[in-house]
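**Q** Just dropping this structure here.
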Amino acid sequence: MISQDGIIDAAEFCPSPNFDERPNNTSIDLIVIHAISLPAGFYNTQLIKDLFLNCLDPGTDQFLESIKDLKVSSHFLITRKGTLIQFVPTHKRAWHAGISVYKARENCNDFSIGIELEGCDDEEFEQSQYNSLSRLINFLSKDLQINKQNIVGHADIAPDRKTDPGPLFDWTLLQSML
Ligand SMILES: [Zn+2]
């Protein structure tokens, strides 16, 4: 993997408008793992892309209708097949964590990289996703000097609001691959 202008060459780049600048003098030292499925419980990578690109067509789906105007993004998405998609350059601030706290530091978007896995709370993730995720984290930790201990789930930094990546995410497996 090579990173130029914060974009990784191994990723399909789909630029999202949902980002801004990180605060001055902020070093990136946290990786936040998320899970997303659209509609909930179904896997449709295109709908996730559409959400992050602000062009989600909700059709008749009430859940999609309820989220279609959210301005959200993540730096990366790993599909069920393990394909890596990037939406925001790593040095920019993606809008993935929302109200959040990590070790008494608020607004985790300021200092983190957000990685979405296509998945949900009640289904195990695919081996190809762990392969892609571990490769990405190994690269990011080297490229951005992020400590590999500083990897959390969205639920860890926003426990009142979020459950992702969910109880079936295998942290032990991930650690064994880093
Ligand atoms: Zn999340």
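The values are calculated or read from the model by the stated rules, or taken from the named source; none is laboratory data. Here the structure is a predicted model, which means the values were calculated and not measured. Every residue, glycine as well, gets a Cβ built from its backbone with ideal geometry; the counts of neighbours run over all protein chains shown.
**Q** Six or more apart or on different chains, Cβ under 6 Å: which pairs go from a residue in the stretch 163-174 that's at negative phi to one that's surrounded by fewer than 13 Cβ atoms within 10 Å (Cβ to Cβ)? Could you list them?
**A** Between residues of the stretch 163-174 that are at negative phi and residues that are surrounded by fewer than 13 Cβ atoms within 10 Å (Cβ to Cβ), the close pairs are 168/124.
**Q** Right, next: How many residues, within the stretch 98-108, are in a loop (DSSP other than H, G, I, E, B), within 15 Å of residue 151 (Cβ to Cβ) and within 12 Å of the ligand (Cβ to nearest atom)?
**A** Here the count works out to 1.
**Q** Could you give every pair whose Cβ atoms fall below 6 Å, whose first residue belongs to the stretch 24-44 and is among the aromatic types (Phe, Trp, Tyr), and whose second residue is in a strand (DSSP E or B) and more than 16 Å from the ligand (Cβ to nearest atom), counting only separations of at least 6 or pairs across chains?
**A** none
**Q** Inside the stretch 65-97, can you point out the residues that are of a type in the set (Ser, Thr, Tyr), away from the ligand (no atom under 13 Å from the Cβ) and either assigned to a loop (DSSP other than H, G, I, E, B) or surrounded by 24 or more Cβ atoms within 10 Å (Cβ to Cβ) (or both)?
**A** Across the stretch 65-97, the qualifying residues are 79, 83, 90.
**Q** Filter the stretch 38-68 down to residues that are closer than 22 Å to residue 88 by Cα and acidic (Asp, Glu), then give me how many there are.
**A** Qualifying residue count for the region: 2.
**Q** To continue, here is another question. State whether one or more residues within the stretch 41-62 are within 13 Å of the ligand (Cβ to nearest atom), assigned to a loop (DSSP other than H, G, I, E, B) and either at pLDDT 95 or above or surrounded by fewer than 16 Cβ atoms within 10 Å (Cβ to Cβ) (or both).
**A** No, the stretch 41-62 contains no residue that is within 13 Å of the ligand (Cβ to nearest atom), assigned to a loop (DSSP other than H, G, I, E, B) and either at pLDDT 95 or above or surrounded by fewer than 16 Cβ atoms within 10 Å (Cβ to Cβ) (or both).
**Q** Quickly run through the stretch 115-151 and pick out the residues that are among the small types (Gly, Ala, Ser) and assigned to a loop (DSSP other than H, G, I, E, B).
**A** Once the filter is applied, which keeps residues that are among the small types (Gly, Ala, Ser) and assigned to a loop (DSSP other than H, G, I, E, B), the stretch 115-151 yields only 119.
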